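A.B. asks: First the structure, which I've put down as structure tokens, then a few questions once you've had a look.
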Amino acid sequence: MNSRLISYLFKTKAIRVCPGDKPFWYTSGKIGPYYVNTHFLFGGEEAANDFLKQIDQQKEDIMACSHQFFRTVLEHYEQNEVFRGTIDAMAAYAKEKLPMDEVDYISGGERRDWFFSFMMSHLFKKPHITLFKDGQAVLYEKEKSRPIDDLKGASVLHIADLITTASSYERAWVPAINKLNGNMKWSLVVVDRLQGGAQILEGLGVASHNLVAIDEAVFTKACQEGYISEEQLKLVLDYMKDADVSMAAFIKQNPGFLKDALRKGGKEAERANLMLQSNFYGVRELID
């Protein structure tokens, strides 16, 4: 099943690796060889973006939107093989690795968690806690929503698309459940980027689980299956060993990369200027 999920991730471009000579610009002003957009497992980028648009249009009506979102994901689950396979893999993992009989509620946070949390709630027949970025929470059960203010110490499993540094958990989701007098005991995500999120969750008293950890084996398997080239694999593996050292070496070997980005304008130039201002990789010396 892990092999199948890796295939899904690359087929849908949920994991996208750059050409060997063109790292991606990240919003931080740094560069790197891959993106992870786990919500593309909804059936591809177009389907995922369509659902995000629906969420943005409907989320303000907090008492009605959970049902609308649930109907969308249920329909997609029934029609899309990749999304159904992903959800079924998540459900199988939960049955095997988690004490689902001890789970009282399943929660999911705005926005990408909802791609996965509503279906897990449905399959396990657990009430769904719809969490919003502003701290509001709605209980969705038996296709109806109602306010909730006290979970009376109940145990919660949080379902999410991705964990990196667990900042959303730390800032929003765990405090929201605590405020409701609940106890978030477990987190299950599709992808763990292995950037310290599991350790942060442990400190919050939350057991961290994932279907796929983004490590060297994932990209090696992708190369073996023909999804990425040997050149792309080398760039990724170097980055995983030491991100800053590998990207500094790339910039030094390709001085025109930064200059081209500065000339282009738009977001790429904004991020290139941020790199300069922050002096990531010692780039000021290269420009001077």
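The values are calculated or read from the model by the stated rules, or taken from the named source; none is laboratory data. As the structure is a prediction and not an experimental result, all values here were calculated from the model. Cβ atoms come from the backbone with ideal geometry, glycine included; neighbour counts cover every protein chain shown.
A.B. asks: If you go through the range 259-275, how many residues are over 28 Å from the mean Cα position of the chain (by Cα) and assigned to a helix (DSSP H, G or I)? Show your work before the answer.
C.D. replies: Of all residues in the range 259-275, those over 28 Å from the mean Cα position of the chain (by Cα) come to 259-260, 262-265.
Then drop every residue that is not assigned to a helix (DSSP H, G or I), which leaves 259-260, 262-264.
Of the residues in that region, 5 qualify.
A.B. asks: Consider only pairs whose beta carbons are under 6 Å apart and that are at least six residues apart or on different chains; among these, list those whose first residue lies in the range 185-208 and is in the same structural domain as SER167 (by TED's automatic domain parsing) and assigned to a strand (DSSP E or B) and whose second residue is among the polar types (S, T, N, Q) and surrounded by 22 or more Cβ atoms within 10 Å (Cβ to Cβ).
C.D. replies: Qualifying pairs under 6 Å: VAL190/THR38; VAL191/THR38; SER208/SER187.
A.B. asks: Right, here's the next one. Output the residue which, of all residues in the range 163-175 that are at negative phi and buried (at least 22 other Cβ atoms within 10 Å of the Cβ), is nearest to the chain's Cα centre (by Cα). Give the derivation first.
C.D. replies: In the first step, residues of the range 163-175 are kept if they are at negative phi; the result is 163-165, 167-175.
Right, trim to buried (at least 22 other Cβ atoms within 10 Å of the Cβ) and you get 163, 169, 173-174.
Values: ILE163: 6, TYR169: 12, TRP173: 15, VAL174: 17 Å.
Taking the candidates together, the pick is ILE163.
A.B. asks: Count, please, the residues in the range 102-154 that happen to be under 14 Å from TRP186 (Cα atoms), in a strand (DSSP E or B) and more than 24 Å from the chain's Cα centre (by Cα).
C.D. replies: Summing the residues that are under 14 Å from TRP186 (Cα atoms), in a strand (DSSP E or B) and more than 24 Å from the chain's Cα centre (by Cα) in the range 102-154 gives 0.
A.B. asks: If you don't mind, there's one more thing I want to ask. Do we find a residue being within 19 Å of SER121 (Cα to Cα), touching a His at 6+ places or on another chain (Cβ under 7 Å) and assigned by TED's automatic domain parsing to the domain that holds ASN210 anywhere in the range 40-47?
C.D. replies: Residues of the range 40-47 that are within 19 Å of SER121 (Cα to Cα), as a first pass: 41-42.
With the extra rule that they be touching a His at 6+ places or on another chain (Cβ under 7 Å), the set shrinks to 42.
Among the residues that remain, those that are also assigned by TED's automatic domain parsing to the domain that holds ASN210 are: none.
No: zero hits.
A.B. asks: Residue under question is PHE70, and the condition is that it be in the same structural domain as ALA160 (by TED's automatic domain parsing), more than 22 Å from ALA166 (Cα to Cα) and not small (Gly, Ala, Ser); does it hold? Walk me through how you get there before you give the answer.
C.D. replies: On the way: in the same structural domain as ALA160 (by TED's automatic domain parsing): yes; more than 22 Å from ALA166 (Cα to Cα): yes; not small (Gly, Ala, Ser): yes.
Spelling it out, PHE70 is indeed in the same structural domain as ALA160 (by TED's automatic domain parsing), more than 22 Å from ALA166 (Cα to Cα) and not small (Gly, Ala, Ser).
A.B. asks: So for the range 192-207 (the condition being in contact with a Leu (Cβ under 8 Å, 6 or more places away or on another chain), farther than 14 Å from THR130 by Cα and among the aliphatic types (A, V, I, L, M)), does at least one residue qualify?
C.D. replies: Taking every residue of the range 192-207 in turn, at least one turns out to be in contact with a Leu (Cβ under 8 Å, 6 or more places away or on another chain), farther than 14 Å from THR130 by Cα and among the aliphatic types (A, V, I, L, M).
A.B. asks: Turning to a different aspect of this structure: Being among the hydroxyl-bearing types (Ser, Thr, Tyr) and in contact with a Ser or Thr (Cβ under 6 Å, 6 or more places away or on another chain) narrows it down to one residue among SER7, SER66, SER28; which is it?
C.D. replies: On the way: SER7 fails: in contact with a Ser or Thr (Cβ under 6 Å, 6 or more places away or on another chain); SER28 fails: in contact with a Ser or Thr (Cβ under 6 Å, 6 or more places away or on another chain).
That would be SER66, the only listed residue that is among the hydroxyl-bearing types (Ser, Thr, Tyr) and in contact with a Ser or Thr (Cβ under 6 Å, 6 or more places away or on another chain).
A.B. asks: Among the listed residues LEU235, LEU211, which satisfies the condition of being of a type in the set (A, V, I, L, M), in a helix (DSSP H, G or I) and farther than 14 Å from TRP25 by Cα? Don't jump to the end; show me each part of the working.
C.D. replies: On the way: LEU211 fails: in a helix (DSSP H, G or I).
Only one candidate qualifies: LEU235.
A.B. asks: Something else about it: Return the total of residues in the range 32-47 being touching a Leu at 6+ places or on another chain (Cβ under 9 Å) and buried (at least 22 other Cβ atoms within 10 Å of the Cβ).
C.D. replies: Within the range 32-47, residues that are touching a Leu at 6+ places or on another chain (Cβ under 9 Å) and buried (at least 22 other Cβ atoms within 10 Å of the Cβ) number 5.
A.B. asks: Does the range 80-101 hold any residues that are touching a residue at least 60 places away in the same chain (Cβ under 8 Å) and either of a type outside the set (Lys, Arg) or part of a loop (DSSP other than H, G, I, E, B) (or both), and which are they? Walk me through how you get there before you give the answer.
C.D. replies: Residues of the range 80-101 touching a residue at least 60 places away in the same chain (Cβ under 8 Å): 82, 85-86, 89-90, 92-94, 97-98.
Of everything in the range 80-101, those that are touching a residue at least 60 places away in the same chain (Cβ under 8 Å) and either of a type outside the set (Lys, Arg) or part of a loop (DSSP other than H, G, I, E, B) (or both) turn out to be VAL82, GLY85, THR86, ALA89, MET90, ALA92, TYR93, ALA94, LEU98.
A.B. asks: Tell me, yes or no, whether the range 242-252 has at least one residue that is outside any loop (DSSP other than H, G, I, E, B), closer than 18 Å to TRP25 by Cα and of a type in the set (Lys, Arg). Break it down stepwise before answering.
C.D. replies: At the first step, the residues of the range 242-252 found to be outside any loop (DSSP other than H, G, I, E, B) are 243-252.
Subsequent filtering for residues that are closer than 18 Å to TRP25 by Cα retains 243-252.
Those left that are additionally of a type in the set (Lys, Arg): 252.
There is at least one residue in the range 242-252 that is outside any loop (DSSP other than H, G, I, E, B), closer than 18 Å to TRP25 by Cα and of a type in the set (Lys, Arg).
A.B. asks: When both residues are 6+ apart or on different chains and their Cβ atoms are under 7 Å apart, which pairs have a first residue that lies in the range 274-286 and is on the phi > 0 side of the Ramachandran plot, and a second that is surrounded by fewer than 18 Cβ atoms within 10 Å (Cβ to Cβ) and assigned to a helix (DSSP H, G or I)?
C.D. replies: What qualifies is TYR281/ASP244; TYR281/ALA248; GLY282/ALA248.
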